[in-house]
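All remarks here apply to the structure that follows.
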């Protein structure tokens, strides 16, 4: 028989994998418990793998430094060549007098102004592009932060469970983390074959033979909180569907992950 204390330790697998067991005595008790509980050891390892997959999800690398791009662009900016010399007129051969002195040419100031305007235009366009890119990077980073925080909350749910299976043809893995208490699940893909052009991976919740669409993955790597509640679902399936997704599965599942009963105290 297990004691109530042992039952409580069973609920710490997700929090321990996340490093969220702050009490030293509780952490030591759980680590001692792991040595004799194969189920908790396996589940903790599964949560650790899920966290590693989530940590690998990353934003798009930023573009090269703006200054380097500007300097690389300048040699190709078109500028006017110097004007050819004008042949002297007969009158110009006469000795210069006060009235015959020529006004200094204004062409070079105009060329300098044109070059400055060209550089300013280039810098302005690149600055706008860089600003837009930075904004996109910030939005991507914020989305990643929110997703990681949501997954962290899911992993630390007292009844959180995890299940992993191999991808199509044995390539890559799919991992589902779920909590019946939160009525929520998340999916992490790692190294799955890329869908065919114009296709995506679509996730489904199997509710006693009724399949509810639960989200799309555009490639074989990424993390996704399922967009539909569990509502007693018994499995998560993955099919390959046209871009934009389908209302119901149109192909056979490439992966199926059963959702077992959650741990309870």
query: Would you say residue 154 is outside any strand (DSSP E or B), in contact with a strand residue (DSSP E or B) (Cβ under 8 Å, 6 or more places away or on another chain) and crowded, with 19+ Cβ neighbours inside 10 Å?
result: yes
message: Looking at segment 6-26, I want the residues that are closer than 10 Å to residue 156 by Cα and have a partner that is assigned to a loop (DSSP other than H, G, I, E, B) and modelled with pLDDT under 75 with Cβ atoms under 7 Å, at least 6 apart or on another chain. Which pairs are those?
response: 11/263; 11/265
message: With the structure loaded, tell me whether residue 148 is surrounded by fewer than 19 Cβ atoms within 10 Å (Cβ to Cβ), touching a residue at least 12 places away in the same chain (Cβ under 8 Å) and not in a loop (DSSP other than H, G, I, E, B) or whether it fails that test.
response: yes
- prompt: Hey, among 235, 223, 214, 243, which residue is surrounded by 13 or more Cβ atoms within 10 Å (Cβ to Cβ), touching a strand residue (DSSP E or B) at 6+ places or on another chain (Cβ under 8 Å), under 26 Å from residue 146 (Cβ atoms) and modelled with pLDDT of 90 or more?
  reply: 214
Filtered residues of segment 161-181 (kept if assigned to a loop (DSSP other than H, G, I, E, B) and more than 22 Å from residue 147 (Cα to Cα)): 167, 171
task: Run residue 25 past the list (1) at pLDDT below 75; (2) loosely packed, with under 11 Cβ neighbours inside 10 Å and report the number of the one that doesn't hold.
output: (1)
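The values are calculated or read from the model by the stated rules, or taken from the named source; none is laboratory data. Because the structure is predicted, anything quoted here is derived from the model rather than measured. Note: ideal-geometry Cβ built from the backbone for every residue, glycine included; neighbour counts use all protein chains shown.
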